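A short write-up of the structure that comes next.
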Amino acid sequence: MAAADKALETGSADELAALLSDAVSKGVKSRFAEARAGRGADIDDVKARRYAIHAYVTSVHYAEAIYNAATASGEHEGHQAEKAGGHDQRDSRSISVRSTDDLKHEHRVIEVVLTALDRMADQLDEGKALSRERAEKALETLRVFADKCHHGKEEQQLPKVLESRGMSREMGPLAVMLHEHGEGRTHVRAMVEAAPAAAGGDPKARAQFAQHAHAYVVLLRGHIQKEDQVLFPMAEQTLTAEDGTALVARFEEIERSEIGEGVHERYHQWAHELAARFD
Ligand SMILES: [Fe+2]
């Protein structure tokens, strides 16, 4: 680099330092401006959401890489850090965060359906009628979007990779997650069974629907909180860059094969429609 040679020749590094800090300042500002713009991405626009996550990861990664390069004490230390896996660890965190970000976003959609379901159960408790159409839409969203697709990702893919990195499926957060998914399915089955008669006014079916709806909402809200606050941060720390990349690809494959292209988005829309009716 010509400026570096000039600094050596003249004995003054001022010009080189100014050149570098100007380049860093421009680079950091433009990447963070892109990341901030992405924060307003429409929650239902999958492409915009992926772009926003990419912009966020890129900006943080860029700042981190520059900081690490600028604070390394010399070539020898840099090589040592890379050999020790320092660079790989930074990469893996960013990429594994991307895979758990997908799951966290789906949690936000599921929470919208839970709010709607809770209101349906409240209305049953208040003696009001249950709309069969609304109940069936909520239950289909929970069975297909939440269970088949989202829990499919969590049960088929995430544990496999985490087990290969030493996490146990028999105890701890993975065991809790798998057990609670089973409990959730029991409540959903009971609601599906009760829905037609409950919508028709049958008192026993109304009580069964309301009881399982309330229990499911409590179970799943707590379950989501545990995943967001315990399991996913552990996964983000444990997974390598290769694990993260493979997971993101397998998640996309599950969306295509389990529920089909574009169907995922339909359930997002239903979730918001269901909640909007209770505003
Ligand atoms: Fe989940």
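The values are calculated or read from the model by the stated rules, or taken from the named source; none is laboratory data. Not measured: the values here are computed from a predicted model. For neighbour counting, all protein chains shown are included, and Cβ atoms are generated from backbone atoms with ideal geometry for every residue, glycine included.
Things to note:
- Checking residue 274 against (1) within 17 Å of the chain's Cα centre (by Cα); (2) hydrophobic (A, V, I, L, M, F, W, C); (3) surrounded by 19 or more Cβ atoms within 10 Å (Cβ to Cβ), the condition it does not meet: (1)
- One residue from 246, 213, 235, 207 being over 23 Å from residue 161 (Cα atoms) and crowded, with 16+ Cβ neighbours inside 10 Å: 213
- Unique match (being under 30 Å from residue 246 (Cα atoms), in the same structural domain as residue 246 (by TED's automatic domain parsing) and within 16 Å of the ligand (Cβ to nearest atom)) among 170, 180: 180
- Total residues in region 244-279, condition touching a Lys or Arg at 6+ places or on another chain (Cβ under 7 Å) and assigned to a helix (DSSP H, G or I): 8
- Helices (runs of 4 or more DSSP H) wholly inside region 131-242 that include at least 3 residues being within 27 Å of residue 273 (Cβ to Cβ) and modelled with pLDDT of 90 or more: 132-140, 173-199, 203-226
- Going through (1) buried (at least 20 other Cβ atoms within 10 Å of the Cβ); (2) within 16 Å of the ligand (Cβ to nearest atom) one by one, residue 111 falls short only on (1).
- Flag if residue 119 is closer than 16 Å to residue 276 by Cα and either surrounded by 15 or more Cβ atoms within 10 Å (Cβ to Cβ) or under 15 Å from the mean Cα position of the chain (by Cα) (or both): yes
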